[in-house]
Amino acid sequence: WLISLITLGALLADEPADKTPPATPPVLAAFSDSPKVKTRAEWEARVPALRDAFADQIYGRLPESREPVLIDHKAVSADGITGASAAGEFILEDPTLHRRFSVAYILPMGDGPYPAIMQFSFCGNPLALGGREAFSAPFNGAPDFCSRFANMPLPEGDDPFLISMPVERLLAKGMAVVSIYAGDVIPDDREKAIPLLEDLSPADDPAVRPGAIAAWGWVASLAVTQLETNSRFDPDRMAVMGHSRNGKAAFAAMLFDPRIDLLWAHQSGTGGATLNRSYEGESIENITGGFPHWFAPAYRDFAGLETELPIDQHMALGTMAPRPVLFGGGWDDLWAGPMGAYRTAEGADPAYELYGLSGLDQTDPEEMNANADIAVFIREGTHGTKLSDWENFIAFVSQHFGLDE
Ligand code: GCU
């Protein structure tokens with residue numbers, strides 16, 4: 001497979017100096033000659049090696065264990081939350097660094113097991129769940145910028161949500177609302193994160209030490225293990241979502257954890273849904289220079305050499321087949337490369353076709369098809385998660401998780 005991955009690089013080696021984006025290589029073209037992938041079984045046989053390639057060249061290697069240590073399971077009052085039947089939180093510890101984090105949840109009415117919508121929060125679970133202080137605040141503090149959201153009213157109309165989930169809207173659809181703050185395990189701070197990531201690394205090779213993006217995804221995997229052992233949550237309907245850097249984490253979680261059933265990566269950009277080869281928005285040089293703790297050091301070797309990366313994000317999406325995936329973007333959010341995410345979606349189509357699915361089934365990047373297994377919406381405006389973006393996600397989840405409209 002390595003040789004065939006290199007073929008993809010060779011195919012694209014004639015990249016013109018003006019950095020015109022190359023056509024998106026279809027995901028199976030990577031394997032067109034040695035030997036050609038024609039069946040689902042052949043594709044699935046490639047997937048473990050592809051996941052390893054993503055670990056070694058972009059995200060870093062993760063510990064094998066996905067078993068958290070359960071420290072406590074507490075009930076939290078759901079009074080005043082319209083449509084909630086109960087709320088609570090699991091206090092977990094990761095099995096390697098033994099750092100604590102909380103998995104907060106609010107359950108809808110009706111009978112379970114409920115589909116779970118898990119969001120990676122920026123500022124901790126109380127703010128993510130609408131300013132509800134009964135949930136544990138981050139154990140090791142939140143990023144500085146979070147203080148400005150502390151006493152802010154919830155957004156109105158279609159203002160960007162960014163920090164909080166539309167809890168009552170999700171409950172009304174019968175979804176369990178789940179929030180994690182992965183920054184409790186690996187803080188989003190270069191100085192603090194790198195020594196922890198070195199300790200987390202299962203490999204001796206410093207080039208493949210995990211980045212924070214993959215490590216946050218691993219924290220979501222630990223949470224999934226906990227939810228899957230609780231009969232109130234449906235193990236076959238676990239969705240993850242994240243915005244921006246958290247969208248990259250959600251993308252990595254879906255890539256490395258086949259137990260996750262559905263992904264929404266919103267404006268996740270480079271290192272997330274956006275094709276490295278798209279030359280749109282943030283480059284590998286920008287992201288690895290600005291955020292050296294986010295990825296394996298090996299990724300930096302491809303700064304300015306995007307077309308030499310033997311893998312690209314469409315191949316990661318191909319490994320997610322047949323699971324449903326939604327990408328959101330904004331036309332003015334050029335830094336996150338909205339069309340680069342659309343091209344990732346186009347390139348992954350052949351892998352979904354092996355499952356008899358249509359994959360991306362839309363011709364206009366603005367018009368997502370909620371029935372399709374890969375859907376993209378690019379809307380007007382800039383960076384942020386708006387209520388209307390959540391409504392697109394709700395339509396997509398409802399379709400794929402069989403929830404009533
Ligand atoms: C920076 C970074 C992006 C990231 C974004 C965010 O802009 O360059 O890669 O997605 O922060 O997380 O908001």
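Here are a few things to note about the model shown:
- Residue list for the range 277-308, restricted to those being in a loop (DSSP other than H, G, I, E, B), under 21 Å from Y342 (Cα atoms) and at pLDDT 95 or above: E282, S283
- Within the range 170-210, if we keep just the residues that are in contact with a helix residue (DSSP H, G or I) (Cβ under 7 Å, 6 or more places away or on another chain) and hydroxyl-bearing (S, T, Y), the residue that is surrounded by the fewest Cβ atoms within 10 Å (Cβ to Cβ) turns out to be S179.
- The range 218-237, subset farther than 25 Å from H98 by Cβ and in contact with a helix residue (DSSP H, G or I) (Cβ under 7 Å, 6 or more places away or on another chain), residue nearest to the ligand (Cβ to nearest atom): R237
- Tallying residues that are crowded, with 22+ Cβ neighbours inside 10 Å and of a type outside the set (G, A, S) within the range 372-389 yields 6.
- Lone unmet requirement of (1) within 24 Å of S221 (Cα to Cα); (2) assigned to a helix (DSSP H, G or I) for W264: (2)
- Among the numbered conditions (1) in contact (Cβ under 8 Å) with a residue 60 or more places away in the chain; (2) within 15 Å of the ligand (Cβ to nearest atom); (3) under 12 Å from the mean Cα position of the chain (by Cα); (4) closer than 21 Å to I284 by Cβ, the only one that K248 does not meet is (1).
- Entry remark, the range 357-405: residues being farther than 23 Å from H314 by Cα, more than 16 Å from the ligand (Cβ to nearest atom) and assigned to a loop (DSSP other than H, G, I, E, B) number 5 in total.
- Test for A265: is it under 24 Å from M175 (Cα atoms), within 15 Å of the chain's Cα centre (by Cα) and more than 14 Å from the ligand (Cβ to nearest atom): no
- Residue within the range 345-356 that is assigned to a loop (DSSP other than H, G, I, E, B), surrounded by fewer than 18 Cβ atoms within 10 Å (Cβ to Cβ) and either more than 16 Å from the ligand (Cβ to nearest atom) or touching a residue at least 60 places away in the same chain (Cβ under 8 Å) (or both) present: yes
- Members of the range 43-58 that are over 18 Å from the mean Cα position of the chain (by Cα) and basic (K, R): R46
- Which listed residue, of A75, A53, A45, is surrounded by fewer than 12 Cβ atoms within 10 Å (Cβ to Cβ), among the hydrophobic types (A, V, I, L, M, F, W, C) and at pLDDT 70 or above: A75
- Within the option set R277, R300, being more than 13 Å from the ligand (Cβ to nearest atom) and surrounded by 22 or more Cβ atoms within 10 Å (Cβ to Cβ) holds for one residue only, R277.
The values are calculated or read from the model by the stated rules, or taken from the named source; none is laboratory data. The shown structure was predicted, so the numbers you read here are calculated from the model rather than taken from an experiment. All Cβ positions, even for glycine, are placed from backbone atoms using ideal geometry, and neighbour counts span all protein chains on display.
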